[in-house]
Amino acid sequence: MQQYAIRGGNPLVGEVEIGGAKNAALPILAASVMTDETVYIENVPDVRDTNVLLAAMDNIGVMVKRTGRHEVTLNASQIHNLVVDNDNIKKIRASYYLIGAMLAKYKHAEVALPGGCDIGSRAIDQHIKGFRALGAEVTIEHGLIKTKAERLVGSHIYMDLVSVGATINVMMAATLAEGTTIIENSAKEPHVVDLANFLNSMGANIKGAGTDVIRIKGVEKLHGTEYAIIPDQIEAGTFMFAAAITKGDVTVKNVIPKHLESITAKLLEIGCEVKEADDCVRVVASKPLHHTHVKTLPYPGFPTDMQPQITVALALSQGTSIVTESIFENRFRYVDELTRMGASIKVEGTTAIIEGVSRYTGASISAPDLRAGAALVMAALAAEGYSMVDDIKYIERGYEDFHLKLQSLGAQIELVETERDFQKFKLKTG
Ligand code: UD1
């Protein structure tokens, strides 16, 4: 099994190119089934989650053609199966975007219940509420969500809580419904806006994405399009915090600085310099970091997907910091691993109380989920000595070429398979 071998201590320095946003690519790829015409998508990240979704789409008859590492052409005119169920699809959360997309076009979809990172209970009641409001029957049987409708009719839907997934799913279903749908208390994340822009480029009539009220006038059908996915806000934020954690100087390129405002604000608060240009952001951490408080919130608040990364930075910062996780109830599972590297963190419910320490020490650690896995790698890069990071399959779900990008910034990190490889790595870097 592959692991990362890491020798910590090198500040990360240099430039890194950010890829397309995983969380935009997933709904956009799924939404490609909503037309019989050909769709061409650029800037698709080559990560496990997008590849699993593409394979599942291929399985039900979508013609999926990779025309480059980050370009894909899709044609869904020959779908022969409205049931999406296999072992892989259960592992990714975004499989459920095929429900909204297929329900919209075929008025019928059956998709295996979503998996994804184990960071909380991850209910889907708001998705179901939205589909039912549009006139669909929804049942959960034998591990599948089954939806069917004679016709979908626009409706006024109030989301009881802000949900990225439910906003996206209901927006897709409403795009081909009769009449107007209003989604209130909708999620405002950049990937919600990206999906709306994509659907509009196919002939949909969606207004208000990026605000908390989205208005969708149903259209009869969608047409083909060419579209480039936005840069990944979380990949960018991860490298920005990697600069802070390793006391480095990193320029993240190909980003939309506006999407990074909450991340930038916190880096400034803890004492980093952040310089923005049109499509890049440079983070310099030349002074000791200091403490702050942070609470995760829906966009434009501080993203829950950046919570482990900021915690790793704060645990190396002077003073006491408090991190409150308000989106997922089980998102501090990595803290035990970080403690083994010397961090001093007490978790009480959804709050972590952090006493900053002056250094981490290398250890053998396991990635418990995607973002925490990346954050632990960053801790290992800052730590004294060697670390081995296990279960990197989680990290590969959402970061393309993670270790290669880190290497290009001067990190001593390698993929290894055996203890012997690790010993060789130690000899090489010792
Ligand atoms: C998406 C992202 C994930 C990110 C999260 C929050 C993808 C593939 N994943 O996940 O990386 O961490 O947004 O920004 O884009 N909830 C309900 N009922 C529902 C739906 C959600 O109670 O029907 C709750 C969830 O349990 C959670 C909160 O609402 O506590 C937010 O979840 P949601 O925004 O839906 O997250 P995901 O779309 O699953």
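The values are calculated or read from the model by the stated rules, or taken from the named source; none is laboratory data. All of these numbers come straight from a predicted model, not from anything done at the bench. Cβ placement follows ideal geometry from the backbone for every residue including glycine, while neighbour counts extend to all protein chains displayed. We work out accessible area using only protein heavy atoms, side chains counted, and drop any ligands, DNA or RNA first. Shrake-Rupley method; radii C 1.70, N 1.55, O 1.52, S 1.80 Å.
Remarks
- At q = 0.13 Å⁻¹, base-10 log of I(q)/I(0) for the chain (Debye sum, equal scatterers on each alpha carbon): -1.10
- Prolate/oblate/rounded call for the range 1-104, Cα gyration tensor, a/c under 1.5 rounded: prolate
- Solvent-accessible area, 1.4 Å probe, carbon plus sulfur percent, for the range 289-396: 50
- Ordering V64, Y96, N81 by the projection of their Cα atoms onto the charge dipole of the range 45-119, which places +1 on the Cβ of Lys and Arg and -1 on the Cβ of Asp and Glu, puts V64 at the extreme positive end.
- When peptides 157-164, 396-403 are ranked by their average number of other Cβ atoms within 10 Å per residue, the highest-first order is 396-403, 157-164.
- Rounded to the nearest 20 debye, the dipole size of the range 17-122 about its Cα centre is 180 debye, using +1 on the Cβ of Lys and Arg and -1 on the Cβ of Asp and Glu.
- In this Cβ point-charge picture (+1 for Lys and Arg, -1 for Asp and Glu), the range 48-97 has a dipole of about 180 debye about its Cα centre.
- Share of carbon and sulfur in the accessible heavy-atom surface of the range 18-64 [1.4 Å probe, %]: 43
- Accessible area (Å², per residue) of the range 308-430, counting only protein heavy atoms and a probe of 1.4 Å: 38
- Solvent-accessible area assigned to carbon and sulfur over the range 77-210 amounts to 48 percent, based on a 1.4 Å probe.
- Alpha carbon centroid spacing (whole Å) that separates the range 342-388 from the range 118-174: 37
- Across the chain, C-alpha contacts under 8 Å between residues 6 or more apart give a mean separation that, scaled by the residue count, equals a relative contact order of 20 percent.
- Descending by average beta-carbon neighbour count within 10 Å, the peptides 241-254, 414-427 line up as 241-254, 414-427, the highest first.
- Around the amide H of E178, modelled in the peptide plane, lie the amide H atoms of L152, V153, G154, all under 5 Å away and 5 or more residues distant in sequence or on another chain.
- Extreme residue, positive dipole direction of the range 241-398, given options G271, T324, F241 (C-beta unit charges): G271
- Links that overshoot a 25 Å alpha carbon limit, given the list K91/K426; K287/K424; K91/K207; K22/K91; K207/K253; K107/K129: K91/K426; K287/K424; K91/K207; K207/K253
- Cα gyration tensor shape for the range 244-399, rounded if a/c is under 1.5, else prolate or oblate: rounded
- Cut-off 14 Å between beta-carbons: net charge of the residues surrounding D85, Lys and Arg +1, Asp and Glu -1: 0
- Report note on the peptides 214-223, 165-174: ranked by the mean count of other C-beta atoms within 10 Å, highest first, their order is 165-174, 214-223.
- Shown in residue order for the range 243-248 are the 3J(HN,Hα) couplings computed by the Karplus curve 6.51 cos²θ - 1.76 cosθ + 1.60 at θ = phi - 60°: 4, 5, 5, 9, 6, x Hz (x for Gly and Pro).
- Note that the range 64-190 presents 40 Å² accessible area per residue, ligands and nucleic acids not counted, probe 1.4 Å.
- Over the chain: helical MRE at 222 nm, DSSP H runs n ≥ 4 each giving -39500 (n - 2.57), nearest 500: -9000 deg cm²/dmol
- Cα long-axis angle, helix 164-175 against the chain (0 to 90 degrees, to the nearest 10): 20
- Size of electric dipole in the chain: Cβ of Lys, Arg +1 and of Asp, Glu -1, about Cα centre, debye, nearest 20: 220
- Of the GluC sites (Glu not before Pro) found in the range 234-290, no site is in coil according to DSSP while having at most 16 other Cβ atoms within 10 Å of its Cβ.
- Net charge over other residues, Cβ less than 14 angstrom from the Cβ of I145 (K, R count +1; D, E count -1): +2
- With the charge dipole of the range 345-430 set up from +1 on Lys and Arg Cβ and -1 on Asp and Glu Cβ about the Cα centre, the Cα lying farthest toward the positive end among the listed residues I365, Q423, I353 is that of Q423.
- The range 43-118 shape via C-alpha gyration tensor axes, a/c threshold 1.5: oblate
- In order along the range 177-189, phi translates into HN-Hα couplings of 7, 7, x, 9, 10, 10, 9, 9, 6, 7, 6, 10, 4 Hz, rounded to whole numbers, per the Karplus curve 6.51 cos²θ - 1.76 cosθ + 1.60 with θ = phi - 60° and x for Gly and Pro.
- Charge tally around F239: other residues with Cβ under 14 Å, Lys/Arg +1 each, Asp/Glu -1 each, net -4.
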